Amino acid sequence: MAFPLSSSITLSFTPSTPKRHFLSTHFAFRFSQARSQENARPFQLKVQCKASKEAFVKDKSQCRNIPTSFNLSNLINGTMKLENVIAVILILAEITSPLPLAGWDFWSISPANAVLYSPETKLPRTGELALRRAIPANTNMKAIQDSLEDISYLLRIPQRKPYGTMEGNVKKALKIAVDGKDSILASIPADLREKGSTLYSSLVDGKGGLEALLKSIKDQDPDRVSVGLASSLDTVAELELLQAPGLSFLLPEQYLKYPRLTGRAIVELTIEKGDGSSFSPEAGGELRKTATIQVVLDGYSAPLTTGNFAKLVTDGAYDGTKLSCINQAIISENDTGKNGYSVPLEIMPSGQFEPLYKTTLSVQDGELPVLPLSVYGAVAMAHSEVSEEYSSPYQFFFYLYDKRNSGLGGISFEEGQFSVFGYITAGREILPQIKTGDIIKSAKLVEGRDRLVLPSES
């Protein structure tokens, strides 16, 4: 079919995909067939956008004119038929087809993808932060904590920092603290209320409290803001710990036969080099034959796992244990002769009030644990050799989280698969120096013995 010397074709494309808002595309172009290459007129393609949902498009700048110029004589070359040109038009329409309007289609993204691939995923990245979030405290204290923790993310902005937003967060925290004073103090046991009252006063108007933090923000001093924020969050954590003297849930009856930890405990591990060499000196110090690691155990989220570990420590089971370095972990030797309990896999999911047993979490479905593995210095139990539904009675490991070997959201590929029960809070710097063959010279329970409940005591 031959083209007339001058023609105009108008096509309009509107996708039929249901339940999604797209811009329809309107093609209007004019072309002419020249008799010679020299006199060829350019082929002009103009793409206009017309909203299929007028209520959603108020800014006409979202519509684009995409000029495309090429010689029509090269395209049709004498005998090309209209069907061929329409095919080309359809291909161009597919290439430049309307895309989902920015922001509209995010509602169709599953929570799992949002968790895994969003760079804004606020998974705790330090042991201190994870431990603070794990405390089952008063709702007012948790609201104060959330407002303050948001500031730590705002401080990471490298250029002009949003001090106005930070100021609003602190004022919000102050209002909650003042208005909710009675509720906050009433959540503390009577014998600890005097200490709680002192901490409350320190939080509101103490030297490292919210009023001082507000002044630092108004002065726009990021260093002082960072120091003041850390001080306020430490005070928040101390108050929350007073509000949580024990477990906030009842253990299943079949698990009462295991040792359990009904709160927090601290273990100190002394490490020595297996080859007789030394650890690097601390700042301004000398070479050390031994180094100390401090681990905080979280019985609020993993009472059975921490109870078993704490009992093994008090029995001296880890004294003299050799360590091995594998992949991203430093793991203890598996001594089957030790008298540990084969505790069921124990993981507390975020947003839940009690742990799950004998089951892993599906990160792909948006499930994340209260105590994440994706933290440098996380401490977890290895799996039992018999069944992955149970943890090893004895063997544990330090996890050396590395973002370069994690998923796009910064989440470890092993997340939700192990019973994480604590974090290194002091001595993380020696982890890279530990080599296969190094030894745990001693392990001591330095705090929390009164929270360790043994089966014969329960």
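The values are calculated or read from the model by the stated rules, or taken from the named source; none is laboratory data. Treat the numbers as computed from the prediction; the structure is a model and nothing was measured. Don't worry about glycine lacking a Cβ; one is built from the backbone with ideal geometry, like all the others, and counts go over all protein chains shown. The area values use the complete protein model at the heavy-atom level, side chains included, leaving out ligands, DNA and RNA. Shrake-Rupley method; radii C 1.70, N 1.55, O 1.52, S 1.80 Å.
When you look at F421, is it assigned to a loop (DSSP other than H, G, I, E, B) and either touching a Gly at 6+ places or on another chain (Cβ under 8 Å) or of a type in the set (A, V, I, L, M, F, W, C) (or both), yes or no? When the stated conditions are applied, F421 does not pass them. Within this structure, T306 passes the test of being at pLDDT 95 or above, assigned by the TED database to the domain that holds K435, closer than 30 Å to I144 by Cβ and polar (S, T, N, Q). So which residues in region 360-387 are loosely packed, with under 14 Cβ neighbours inside 10 Å and assigned to a loop (DSSP other than H, G, I, E, B), if there are any at all? Passing the criteria: S362, E385, V386, S387. Residues in region 243-299 that are of a type in the set (F, W, Y) and either farther than 19 Å from I424 by Cα or open to solvent by 30 Å² or more (accessible area, probe 1.4 Å) (or both): F249, Y255, Y258.
As a summary of the residue check, K444 satisfies the conditions (1) open to solvent by 40 Å² or more (accessible area, probe 1.4 Å); (2) part of a loop (DSSP other than H, G, I, E, B) except for the one numbered (2). Applying the condition of being open to solvent by less than 10 Å² (accessible area, probe 1.4 Å) and in contact with a Phe, Trp or Tyr (Cβ under 6 Å, 6 or more places away or on another chain) to region 308-339 and asking which residue is farthest from L129 (Cα to Cα) yields S332. Scanning region 183-193 turns up no residue that is over 30 Å from L247 (Cβ atoms) and either over 26 Å from the mean Cα position of the chain (by Cα) or open to solvent by less than 60 Å² (accessible area, probe 1.4 Å) (or both).
Beta carbons closer than 9 Å, at least 6 apart along the sequence or on distinct chains, pair a first residue in region 403-427 that is touching a residue at least 24 places away in the same chain (Cβ under 8 Å) and more than 27 Å from R260 (Cβ to Cβ) with a second that is of a type in the set (A, V, I, L, M) and open to solvent by 20 Å² or more (accessible area, probe 1.4 Å) for G407/L116; L408/L116; G409/A114; G409/V115; G409/L116; I411/V115; I411/L116; I411/L368.
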